[in-house]
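In what follows, a structure is listed as structure tokens, so that the remarks can point back to it.
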Amino acid sequence: MKAKLSRFGVLVAAMLLTASPGWTQEPGVPQAPGMPQAPAAPQAPAVPQATAVAPVAPGTLPAPTKTYSQQDLDQLLAPIALYPDALLAQILMASTYPLEVVEAARWVKANPGMSETALEEAMQSQTWDPAVKSLTAVPQVLQQMNDKLDWTQKLGDAFLAQQQDVMKTVQALRAKAKAAGNLESSKEQVVKEEKQGSETIYVVEPAASDVVYVPIYNPYVVYGTWWYPYPPYYLYPPHYVYPPHVAFTAGIFVGAAIWGHCNWHGNHVSVHVSHYNSFNRTNINNPNWNHNVDHRKGVPYKDQRVAQQYNRAANDKAAKSREDFRGRADSGRAEMKDMDRGELQNRAGQADRGQMQDRAAQADRDQAAQRLADRSQAQDRAAQADRDRASQRPSSSYDRGGYDRASSGGFSGADRGASTRAASTRGSASRGGGGMSRGGGGGGRGGGRR
């Protein structure tokens, strides 16, 4: 009996395994000895294993692509790299607002000779960025930036995108000019050399703090042999005769108008606070300079990262405006809760009257426009009716005889004798018909005038 049960159990197990072959794929499930093996289930395709990526050591990530190459920076900065530090910083800041540079240059041209206290007073009513206002004290520089607007915009874009590269490029150009014997102290300027590690920093200051002498030089030769196939930018006209070395304009009294400062140790520009406050009549205490997107006036930024940065600032400002509006709306609702019913009714009545007046004025405008349209349509219909009647009127002997209704003469084709005599005969007969014929003729002419 036990043998039968054992054989029966083996048969049942075999049947179950045959009906469910997937059971045989589970790991760790032993197969009964002597039991027939179920066919193997098809294997799923192997999933490739992700290759382990070794961690990147700090400082080995590739640097982001820069908008301006070193050649671009050399060409852009060559015309101004030897300018006094304060004036250089002022130009760099103002170049980020090219449209306001144009406006300021036009203003200076329309107001020549204004300087010192009168200029400072006039600038208080202008809405340009303070960096642009300050250059009105140096009209020649402002005019050159206006005349070379393409250069001005590129300079500003490069300064915003790669400020440290711009400052380092100025120092590299000054080193070349020094080696070529074209960067020396004089009665117009003082050139200082400062050590920063193994590097030499060249600082250029005016001989008098409130007077600026603008350098004049040929950027193609002042740095020694130019090292690129394409020349640098020029600020003077193509046929301008440059001095053999560095020369200077006459001294320009600027007072506190030039408040820019070059921080060569940090490779950025900053603000001379006391000069800034004096010229702009403000009371700031932060020496950091920040670009103000509101004064950009829609001029696009070339560098994408700069564009994202300042467009985000514009979007944040718009969001703040919306929040301010919501705040005013909430305040209005709160104010309404505190009003009594009579005051609410008065304000509602005023609003209703205003709306009614607006609607009435709009209705009058709409009616006037509709009357004008109706009149025009009526005239068109009348003209079309006249054309239709003219086309349906049977041709008369006058038409066949050559009478031209549009003509100022009585007959046309007067050189045709037979036709002319026949027309004359018919005319005599018509005149002999009395007043009715004349009346009818008059009616006909009247119909022609309609």
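The values are calculated or read from the model by the stated rules, or taken from the named source; none is laboratory data. Only a predicted model underlies this, so the values are computations on that prediction, with no experimental measurement involved. Heads up, the Cβs are rebuilt from the backbone with ideal geometry, glycines too, and the neighbour counts pull from every protein chain shown.
Between 182, 146, the distinction of being surrounded by fewer than 21 Cβ atoms within 10 Å (Cβ to Cβ) and more than 26 Å from the chain's Cα centre (by Cα) belongs to 182 only. Among the numbered conditions (1) assigned to a helix (DSSP H, G or I); (2) within 25 Å of the chain's Cα centre (by Cα), the only one that residue 96 does not meet is (1). Residues in region 142-154: is at least one assigned by TED's automatic domain parsing to the domain that holds residue 119, under 19 Å from residue 70 (Cβ atoms), in contact (Cβ under 8 Å) with a residue 24 or more places away in the chain and not in a loop (DSSP other than H, G, I, E, B)? Scanning region 142-154 turns up at least one residue that is assigned by TED's automatic domain parsing to the domain that holds residue 119, under 19 Å from residue 70 (Cβ atoms), in contact (Cβ under 8 Å) with a residue 24 or more places away in the chain and not in a loop (DSSP other than H, G, I, E, B). Looking across region 195-212, the residues that are part of a loop (DSSP other than H, G, I, E, B) and either under 35 Å from the mean Cα position of the chain (by Cα) or in contact (Cβ under 8 Å) with a residue 40 or more places away in the chain (or both) come down to 208, 210.
I need every pair where a residue in region 275-302 that is on the phi > 0 side of the Ramachandran plot has its Cβ under 9 Å from the Cβ of a residue that is surrounded by 15 or more Cβ atoms within 10 Å (Cβ to Cβ), sequence separation at least 6 or different chains. Between residues of region 275-302 that are on the phi > 0 side of the Ramachandran plot and residues that are surrounded by 15 or more Cβ atoms within 10 Å (Cβ to Cβ), the close pairs are 281/120; 297/97; 297/98; 297/99; 297/100; 298/99. From the list 269, 222, the lone residue that is at pLDDT 95 or above, part of a strand (DSSP E or B) and surrounded by 18 or more Cβ atoms within 10 Å (Cβ to Cβ) is 269.
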